[in-house]
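Student: Starting off with a structure, shown below.
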Amino acid sequence: MAGGLLWATRAASYLRISVPFRAFSSVVKDLKYVDSHEWAKVDRNLATIGITDHAQDHLGDVVYVELPEVGANVSQGGSFGAVESVKATSDINSPVSGKVVEVNEELSSSPGLVNGSPYEKGWIIKVEMSNPSELNSLMDSEQYSKFCEEEDAKH
């Protein structure tokens, strides 16, 4: 029996490695989140913004990302672009107000970065914040995880 148990353990660990199944989306601790599933990584007065793992998971394969121009103004909760996937097109809303100082040009030729690396290579814009106190109204990782669980339970 011990041999069978060892085999089952090896099989289970092999399956975990080889099957890209995820029971829940990942949430990064040090980011701020909004209920429309965008995140903001804050460094002093600069916010890097993207869509969450939860959002890309629900969208499916991203085929196009509509980016704003550098210099454009964005407002908290306002749309600044869109993500088009095989399933749907979805607006991207800004978690903060300010001026776009950089856009992720990589997404023009590789929109799939939003799926494969939503918190790192798949970032969308960088914003110089005009009102950093807006961050106080955003969710932390624990609040956002709970929000996603509750939202998924409704569907």
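Student: Please verify whether Ser145 is polar (S, T, N, Q), within 14 Å of Ala40 (Cα to Cα) and in contact (Cβ under 8 Å) with a residue 12 or more places away in the chain, treating the condition exactly as stated.
Tutor: Judged against the criteria, Ser145 is not a match.
Student: Oh, and also: Which residues, taken from the stretch 114-129, are polar (S, T, N, Q) and touching a residue at least 40 places away in the same chain (Cβ under 8 Å)?
Tutor: Hit for the stretch 114-129 is Asn115, nothing else.
Student: Go through (1) out of contact with any Pro (no Cβ under 9 Å at 6 or more places or on another chain); (2) of a type in the set (D, E, K, R); (3) surrounded by 14 or more Cβ atoms within 10 Å (Cβ to Cβ) and name the single condition Glu134 misses.
Tutor: Condition not satisfied by Glu134: (1).
Student: Show the residue pairs that are 6+ apart or on different chains and have beta-carbon atoms under 8 Å apart, the first residue being within the stretch 94-108 and farther than 10 Å from Asn73 by Cα, the second being of a type in the set (Lys, Arg).
Tutor: Pro95/Lys32; Glu102/Lys126; Val103/Lys126; Glu106/Lys121
Student: Restricting attention to the stretch 27-65, report how many residues are on the phi > 0 side of the Ramachandran plot and either surrounded by 15 or more Cβ atoms within 10 Å (Cβ to Cβ) or in a strand (DSSP E or B) (or both).
Tutor: Total meeting the criteria: 1.
Student: Here is a follow-up. Out of everything in the stretch 112-133 that is out of contact with any strand residue (DSSP E or B) (no Cβ under 9 Å at 6 or more places or on another chain) and assigned to a helix (DSSP H, G or I), what residue ends up being nearest to Glu84 (Cα to Cα)?
Tutor: Gly116
Student: Can you tell me which residue among Leu46, Leu5 is at pLDDT 95 or above and farther than 19 Å from Leu113 by Cα?
Tutor: None of the others qualify; the one that does is Leu46.
Student: Name the single residue, out of those in the stretch 102-111 being in contact with a strand residue (DSSP E or B) (Cβ under 9 Å, 6 or more places away or on another chain) and surrounded by 15 or more Cβ atoms within 10 Å (Cβ to Cβ), that is nearest to Leu46 (Cα to Cα).
Tutor: My answer is Val103.
The values are calculated or read from the model by the stated rules, or taken from the named source; none is laboratory data. Just so you know, these numbers come straight off a predicted model, no measurement behind them. Don't worry about glycine lacking a Cβ; one is built from the backbone with ideal geometry, like all the others, and counts go over all protein chains shown.
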